[in-house]
1. For the range B:57-81, which positions are facing chain C (nearest Cβ under 10 Å) and under 17 Å from the mean Cα position of the chain (by Cα)?
2. For the range A:222-276, name all the residues that are hydroxyl-bearing (Ser, Thr, Tyr) and farther than 30 Å from A:VAL334 by Cβ.
3. Restricting the range B:108-135 to residues that are more than 10 Å from chain C (Cβ to nearest Cβ) and among the hydrophobic types (A, V, I, L, M, F, W, C), which is farthest from B:THR171 (Cα to Cα)?
4. Given C:GLY75, C:GLY69, C:GLY59, which one is out of contact with any strand residue (DSSP E or B) (no Cβ under 6 Å at 6 or more places or on another chain), at pLDDT below 85, part of a helix (DSSP H, G or I) and buried (at least 22 other Cβ atoms within 10 Å of the Cβ)?
5. Restricting attention to the range C:129-156, which residues are part of a loop (DSSP other than H, G, I, E, B) and within 12 Å of another protein chain (Cβ to nearest Cβ)?
6. Restricting the range B:149-160 to residues that are touching a helix residue (DSSP H, G or I) at 6+ places or on another chain (Cβ under 6 Å) and either assigned to a loop (DSSP other than H, G, I, E, B) or not aliphatic (A, V, I, L, M) (or both), which is farthest from the other protein chains (Cβ to nearest Cβ)?
7. Could we say that C:VAL124 is farther than 21 Å from C:VAL233 by Cα, within 14 Å of chain A (Cβ to nearest Cβ), among the β-branched types (Val, Ile, Thr) and touching a residue at least 12 places away in the same chain (Cβ under 8 Å) here?
8. Within the range C:246-278, track down each residue that is among the polar types (S, T, N, Q), within 21 Å of C:ALA143 (Cα to Cα) and either in contact with a Lys or Arg (Cβ under 7 Å, 6 or more places away or on another chain) or surrounded by fewer than 24 Cβ atoms within 10 Å (Cβ to Cβ) (or both).
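The values are calculated or read from the model by the stated rules, or taken from the named source; none is laboratory data. Since the model is a prediction, treat every value here as computed from it, not as a measurement. So basically every Cβ, Gly included, is an ideal-geometry build from the backbone, and we count neighbours across all protein chains shown.
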Amino acid sequence: MSHNILSGDMPRSFILSALLLVIFVFLAIAPFAAPAGPVVGGAVKALVMIIVVASFDVLIGYTGIISFAHTAFFAIGAYSVGISLRDFEAELPVLFVGVAGGLIVTALAAGLIGFCSMRVRTVFFAMITLAAASALSLFVLQFYALTGGPDGLVFQIPKIFRPSNIILTHKIFDRTINGTFLLYYAIFIVCGVVFLFLLRLVNSPFGRVLQAVRENEMRAEAIGFSVLIYRVQVSCIAACCACLAGGLYALWLRYVGPDTTVSLQIMLDVLLMVVIGGIGTIYGAVVGVAFFVLAETYLRLGIAALHEHAVGIPGLDALTDPNRWLLWLGLLFVLSVYFFPDGVVGTLRRRSTARGKGAAKSKLSTIGIGE
Amino acid sequence: MPAPGTVEMKETALALTDVHTHIGQFHILQGVTFAIRKGGVTALVGRNGAGKTTTLRTIMGLWRASRGAITLQDRLITALPTAEIARLGFGYVPENMGIFGKLTVRENMILAARSGRLDRDRLARLFGYFPPLEQFWNLSAGHLSGGQKQMLSIARAIIEPRQILLMDEPTKGVAPGIIDAIVEAFRDCHREGATILLVEQNYDVALALAEDVVLMDGGSVKFAGTMETFRSDPKLGESALGFAAARDLNIPPPPGRPVERI
Amino acid sequence: MRPSITNEWVRPVGLLLAVPALALTCIWSPATWLTLTFAGLASGIMLFIMASGLSMIFGLMDVLNFGHGAFITIGAYTGWVVLGLLGGPVSSTHLSLNVLSIVAASGLAILCAGLLGLLFERVVVRKVYGDHLKQILITLGGAIVIEQLVMMIWGPQEKTLGLPVRLSGTLSIAGATIERYRVFVIVIGLAVLVAMHLVLTRTRLGLIVRAGVQDREMVEALGYRIDRVFVLVFMAGAGLAGFGGVLWALSEGSLNSAIGSRTLVLILIVIMIGGPGSIAGTFVASLLVALMGSYMAYLAPKVALASTVLLMVSILMWRPGGLFAQEKER
């Protein structure tokens, strides 16, 4: 049965399976874990980012498309939800309309971008998406009336999801089951379904065509697949996943702003997570996100602790300044691309297979991002 | 020049030993072994897809041999960078001619002259063989016709004396009148002492120039020997060339060509 | 000089002339138009100086350096430091001293950026030749690290940068107010362009580079170690970026650690429009983008960047390789 749910794409490594199970269980019971606030917030961020990273992996790892516009779609989703809930009644129908609106805009934009990829080389395409994402980010910052500019928007969420909505009168594990719980599990389920959907997608005939296109575009075209149609489709699908994730995140935060959606750092975070997790694995998204969330918390704490001791020592003091978190992120990034190109999942899987037959080739090095 | 009647020592200029080349997952060269006599002209023949171009590219280091050894007069050149291999005395005419279209004919030639200066006399001689080069000296090479580009490509390879000339179909797309000029130019180089390895689909040319033949098929060498032996065996000609015509050709060697004695 | 101007120039130059002409019809006042045009030209030239290096690197070795902005940043900060030390010549009323101070600042900026370029090539780029994905990722990572180091050394606050006395202020040309500094930049920029052109067309090195952009393999087969040439080009590109950084910071009057990444997006747009590996393309594209930006900033500031992106997309649809696309032989 698990074979079916996971669309035949088994973890293929004992350690990986164990890891995934632990993460899954943790995410499933997060609202009951103590302390409630930051842990649950972290869990939601993780759930949402898993979808963003997994859909990004479909693009980069399976289709060979590098799109810096991916987080722009996340932003579109978030802002659609935010704007509709702010300007209209904070009720479920409005929420659905907002999400639908975001998805439509996303699908159109992604389709257009996918269409553009036809005439340009992969590398040019990457740069175009970067430019487009920058333009969107500026747009968000400047159209204050619509988007709240640099300050962002705050809004109410539908009553059913509010903490004031008590669902069960008696407490479970000392926690009040209210609207927040409902929201958390709604997000959990939606993300779970989307994740399984992506897994199914890449293991389906459609997914195999994507990989064929990635390996050798001309041959795929010669066999009869319209490369353009596939690219447009996968662009739309991945973008819509990111859009949905953005909407969910905005709903949880009850806030949307440039810092949570369009900043370059989010794109970098996604890149880091996909590289560390493992490109072209989908499961890599889960591992990468988990690693990142943990690192962000604990590594930061560690560096801050070092900082306490380093006061007075000139170089070390500045290096461990908590504001320099990006420096360490960048270094981590560079090191993982160098020494760890398969990511965690890729390496674990290779080790498993190596014990059996010959070692599989590194995904990162076989991705011929060609013309 | 050894005295008549004595055994000629065949010094090897270039030797390939069990060379394999992989392009991606394709195993193109599957154990290529042959040697080229110093100062000789060797024709590398075979069907399309036999691996002839790949062999030349592997020698030049443009594609890396995954296995095997390539030696230039006892010097191992298999793993050297292309530029170093070239500097050891190679002249190379690639299959696609390798013309720099946005540079002028003059600039193409200047690049080819590694010593930094164009030898006036030699250039004049090349102009004699290939008049369009002089005519279009300051024109962008991209504007030349196919045949003219081929002339430029060859001229680039021989603007300075080279030890070894690797030619990949130098007469492809060239009008018959020009072919004679090309053959003459090659004969000049041969007289200078250059070793020539020639991939040629034009068998008249191959037969006119080559003393030795290497026949390739399916990525390996099926025959390596003298032109006489090759021509005398009709099966070889047919299997390699796909038509029986080779057997019927009876082109006499050009005057002045040194007669081999074994 | 190179042989006669061929057809490939006609359409791009036509486009380049069309933009200001169109702008004139939207901006009724000739004086305003003149001011904006000079501003655009000056910005365009600075963009060109910063972008040319990256364009050649990309065209020659197919290397995408998303960390190019780091060279701009380092150059800008070096210039700031030097100009800070040369308070005297900067505030002097002698034009020659003013110019000299900029020369000194630029010279050191070029040196530092060039050295950083060497380091970057050795440590970061060399390992990932041929792999675009890794290149993008690693150079991005490298760029972040350098930007953070800059913040560490100089702090995150914005620094102000004052123009030397005789180069600041405005001139009046045909009733329009033109900033003196912009005229200065245009003069310098044209000088750089001419110098580049001479190096590329009159020297052997330039010849190798021009040939290498078209067919790297053949250049190697002719006996030239193109990887060594590449290091030089990389360093030169980095140095130019540093130089551009100084000029840009002076024109903005301030700088912070993000100056490089800010301009990187524009530079990438310029390279794509102009066609990688072509100095002419980079030049025309830089002017195009900057002029467009200048006019749009006046006419409809909120959509300035978006319109630039739109311009880029339309040009790429028309000519996928860029205005002066280099057809690679292989």
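1. Once the filter is applied, which keeps residues that are facing chain C (nearest Cβ under 10 Å) and under 17 Å from the mean Cα position of the chain (by Cα), the range B:57-81 yields B:ARG57, B:MET60, B:GLY61, B:LEU62.
2. Result: A:SER226, A:TYR230, A:TYR255.
3. B:LEU118
4. C:GLY59
5. In the first step, residues of the range C:129-156 are kept if they are part of a loop (DSSP other than H, G, I, E, B); the result is C:129-131, C:155-156.
Scanning the range C:129-156 gives C:GLY130, C:ASP131, C:GLY155, C:PRO156.
6. This residue is B:ILE159.
7. For C:VAL124, the condition - farther than 21 Å from C:VAL233 by Cα, within 14 Å of chain A (Cβ to nearest Cβ), among the β-branched types (Val, Ile, Thr) and touching a residue at least 12 places away in the same chain (Cβ under 8 Å) - is not met.
8. Passing the criteria: C:SER254, C:ASN256, C:SER261.
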